[in-house]
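Below is one structure, written out as structure tokens, with a few remarks after it.
The values are calculated or read from the model by the stated rules, or taken from the named source; none is laboratory data. Here the structure is a predicted model, which means the values were calculated and not measured. So basically every Cβ, Gly included, is an ideal-geometry build from the backbone, and we count neighbours across all protein chains shown.
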Amino acid sequence: MLCDPRINPFDNIQDFAIAISRNWWPRLSRYQYHVGVFVRPSGQNLKLVHLATHCELLTDKPSEQYYWLACEGLHALEKILLAEWFESVAQLNSGCIPYSVIYDAQQCFDEANGYVNAGLGQGLTCATFLITGFLRFDISFIDSSSWQQRPEDAEWMHEIIKYMKNHYGPDWHDHFDEQVKYFDHSIRFRPEEVAGCASSYQGAPILFNQGIEIGQCIIGEMNAMSSSI
Amino acid sequence: MQTLNYGVATNPLRYAYNARSYDSLSALTNKGELPKNIWVKIRSSETIDNTFYLKMDIDIVTLSECLRQRGADTTLDTSFFDVDALALCRKVYAMEAANNPRLAVREIFTYVEKNYAVKRFQAINRLLELIDYDRMSDLCIIGLMRVTTCAAEHLLVRQSALNKARMSLEKKQSSAIHLLYGRGKQEHSGHAV
């Protein structure tokens, strides 16, 4: 399922694949996962498109820091469409998608240069960026209504918002402060779960419990691969 | 020849027209007697009605092209024809003819996204309405229909466009026909990280 580019090179990605990486986050003493997509737009080399952080939707060269997952359940045409769309949206929106723990599936990528900034505090994470992109093509790979709050996610939210506030300065304080109001009833789509669900999707939206299992499986595979090298 | 039915115009000033002049335009083009100054007759700054219907026995892309070839493009009130949508149609046809559907579908995405940006749903309606599905690849047909799904409620002609797209794919016996309708709706609208 999970492919290590040192064993299964990026050349094997035809048009579209999910990208996932992890970094150690000392403040929480755990890994922080990050998700994006590998796309091969027409006549171009493979690219990594990902919402790297606040207002930074990047198109990068693939790096071996990332693992990849194929999307076997998608039709070949769907993969081409996703590849072309993600790359063109990254060009249109490179600096205008704010980071936010508040996510509304109904209102992204409709308007402002493909993205609706629906109001103070709204935006996307790397994971919700992926969900939203698929939804743009009417592909609901997760049943988000089944997703539930998990206590440990609140701790993560506080940490990430604290970091963002410090890093992006006073101009953005209102944007991040607004998000704090939603911590108590926010759910989190974790990058590893989203990556795994997008890859495992076979036509039926994946439910929360399955999503957890899939996410744990991804983490297990990453652990096994990194310890074998 | 194709009959086009135009629905409600959201901008009455822009779409104001003189019905009698249009009837004569249609008749003239059918006879191949399109005079250079026909644009004068069709251009009007008056609003006749907030709603207009236009029936023409000619594809509007062909008509626009015909006027342009006759040297009318410098004087023609091209805003009526939704220049952007027509320009995109031509671009898409050219890319499809050059066997480059992936570039064509990117053009479609950019057009759709940019028009969403300013809530110019009518421009997308016009594209859905004007484009000739028989001149598009499966990729572009599926791409156009899928990328407009989430704004379907604003796109009054999308259902009829979907029917045209389906017919076009059926005609070619395309195996992609089942992809027209997407993979289901996302009902949830909550807060998530």
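Table: residues versus (1) in the same structural domain as B:Cys150 (by TED's automatic domain parsing); (2) modelled with pLDDT of 90 or more.
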position: B:Leu54; (1), (2): no, no
position: B:Val61; (1), (2): no, no
position: B:Glu65; (1), (2): no, no
position: B:Gln69; (1), (2): no, no
position: B:Ala94; (1), (2): no, yes
position: B:Val105; (1), (2): yes, yes
position: B:Leu130; (1), (2): yes, no
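Put simply, of A:Ile13, A:Ile18 the only residue that is touching a Phe, Trp or Tyr at 6+ places or on another chain (Cβ under 7 Å), within 19 Å of A:Asp138 (Cα to Cα) and away from chain B (no Cβ under 14 Å) is A:Ile18.
For beta carbons closer than 6 Å, sequence separation of 6+ or different chains, a first residue in the range B:86-103 that is over 13 Å from B:Arg135 (Cα atoms) and a second that is of a type outside the set (A, V, I, L, M, F, W, C) and surrounded by fewer than 21 Cβ atoms within 10 Å (Cβ to Cβ), the qualifying pairs are B:Arg102/A:Ser42; B:Leu103/A:Ser42. Given the condition modelled with pLDDT under 95 and loosely packed, with under 14 Cβ neighbours inside 10 Å, answer yes or no: does some residue in the range A:126-137 qualify? Checking the range A:126-137: not a single residue is modelled with pLDDT under 95 and loosely packed, with under 14 Cβ neighbours inside 10 Å. Within the range A:61-88, restricting attention to residues that are more than 16 Å from the chain's Cα centre (by Cα) and buried (at least 24 other Cβ atoms within 10 Å of the Cβ), the residue that is farthest from the other protein chains (Cβ to nearest Cβ) is A:Leu74. Residue count for the range B:87-116, restricted to those that are within 7 Å of chain A (Cβ to nearest Cβ) and aromatic (Phe, Trp, Tyr): 2. Scanning the range B:122-143 for residues that are within 10 Å of chain A (Cβ to nearest Cβ) and outside any loop (DSSP other than H, G, I, E, B), we see that the one that is surrounded by the fewest Cβ atoms within 10 Å (Cβ to Cβ) is B:Asp138.
Only one of the numbered conditions (1) closer than 15 Å to A:Glu78 by Cα; (2) buried (at least 23 other Cβ atoms within 10 Å of the Cβ); (3) not acidic (Asp, Glu) is not met by B:Thr149, and that is (2). A:Met157: within 10 Å of chain B (Cβ to nearest Cβ), over 15 Å from the mean Cα position of the chain (by Cα) and not hydroxyl-bearing (Ser, Thr, Tyr), yes or no? Considered against the rule, which asks whether it is within 10 Å of chain B (Cβ to nearest Cβ), over 15 Å from the mean Cα position of the chain (by Cα) and not hydroxyl-bearing (Ser, Thr, Tyr), A:Met157 comes out as yes. In the range A:89-106, the residue that is farthest from A:Ser186 (Cα to Cα) out of those that are without any contact (Cβ under 8 Å) to a residue 40 or more places away in the chain and more than 8 Å from chain B (Cβ to nearest Cβ) is A:Gln91.
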